[in-house]
Every structure is written in structure tokens, then in C-alpha cells.
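Have a look at the structure below before the remarks.
The values are calculated or read from the model by the stated rules, or taken from the named source; none is laboratory data. These numbers come from a predicted model, not from an experiment. Neighbour counts are summed over all protein chains in view; Cβ atoms, including those assigned to glycine, are modelled from backbone coordinates with ideal geometry.
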Amino acid sequence: NIFVDFHAEATAEKKAMGHFLAGRVTAVLGTHTHVQTADEIILKNHTGYITDAGMTGPELSVLGVSIEAAVDKQRFKYPVRFTEAQTACFINGVVISFDEKSGKCTKIKRIINR
């Protein structure tokens, strides 16, 4: 049973790795962008895949940071002290069902819990 956490910025890199590893591993779970994608699939009838599993933290934020600080950094192009957003949290992730003997993914389900 092999699970790959592929930490990359570009969705194309994650997709390519998913297809490269399809049939060789149980699942490829993309991470890094903190924005859950809606593309969960089982590739080659064996490998669970999602481009980004998402994040856990303040939902009304910019990757967990207060919106105002994140916007100011983009607008004014100067260093800004990031503070955690003080809004309600949520959790993203995926649940993978798989056959322990063969390592084959049988189901992948995205979760969002608010």
C-alpha cells in the first residue's frame, strides 16, 4: 500500500505525476495550494487521485491568513506581518478505501466539514 503526497504548486505537475504513477501506487494526493479540487478519480482502475486535498483552518481567509493582510501584501508589494484569520474553521481531505492485500484503491471521496 503506497500513498504519495505530491507537494507541488502547479496542477499540471500533480496531474502528470498522477498519470505517471497510475497503476503503480494506491493513491496520489496533491498538496500545497490549500484549495481543494473537485477532480477525485480512480486512475487505471487502481490508483486514487486528487489534484489538491485542501486545507484545515479558517475558511474565510487567504490560505489561513487574515484577508486584509493578504490583500495588502498584493496591493502594496511590501512585507506584511501575516496573522491567522479569526473566522470559523473547516477541514478538507479525502477518504481512500483500498484493498490491503493488492494495494488497489476502490473508492476516493472528498470531504469538506464546516
- If you scan the range 91-114, which residues turn out to be small (Gly, Ala, Ser) and under 13 Å from Thr47 (Cα atoms)? Ser97, Ser102, Gly103
- Query: Which condition does Leu63 not pass, out of (1) under 22 Å from Ala8 (Cα atoms); (2) modelled with pLDDT under 95; (3) surrounded by fewer than 13 Cβ atoms within 10 Å (Cβ to Cβ), if it passes all the others?
  - Reply: (3)
- Please verify whether the range 84-93 includes one or more residues that are surrounded by 14 or more Cβ atoms within 10 Å (Cβ to Cβ), over 19 Å from Lys109 (Cα atoms) and among the aromatic types (Phe, Trp, Tyr). no
- Item | Residue within the range 26-42 that is over 18 Å from Cys105 (Cα atoms), modelled with pLDDT under 95 and of a type in the set (Ser, Thr, Tyr) present | yes
- Item | Selection count where residues are among the acidic types (Asp, Glu) and either in contact (Cβ under 8 Å) with a residue 40 or more places away in the chain or crowded, with 16+ Cβ neighbours inside 10 Å (or both), scope the range 94-114 | 1
- Picking from Ala69, Ala85, the residue that is modelled with pLDDT of 95 or more, touching a Phe, Trp or Tyr at 6+ places or on another chain (Cβ under 9 Å) and of a type outside the set (S, T, N, Q) would be Ala69
- Message: Yes or no: the range 8-19 includes at least one residue that is of a type in the set (Lys, Arg), surrounded by 12 or more Cβ atoms within 10 Å (Cβ to Cβ) and either within 18 Å of Arg114 (Cβ to Cβ) or in contact (Cβ under 8 Å) with a residue 12 or more places away in the chain (or both).
- Response: yes
- Mind checking which strands (runs of 3 or more DSSP E) fall wholly inside the range 28-114 and carry at least 2 residues that are among the basic types (Lys, Arg) and out of contact with any helix residue (DSSP H, G or I) (no Cβ under 6 Å at 6 or more places or on another chain)? 105-113
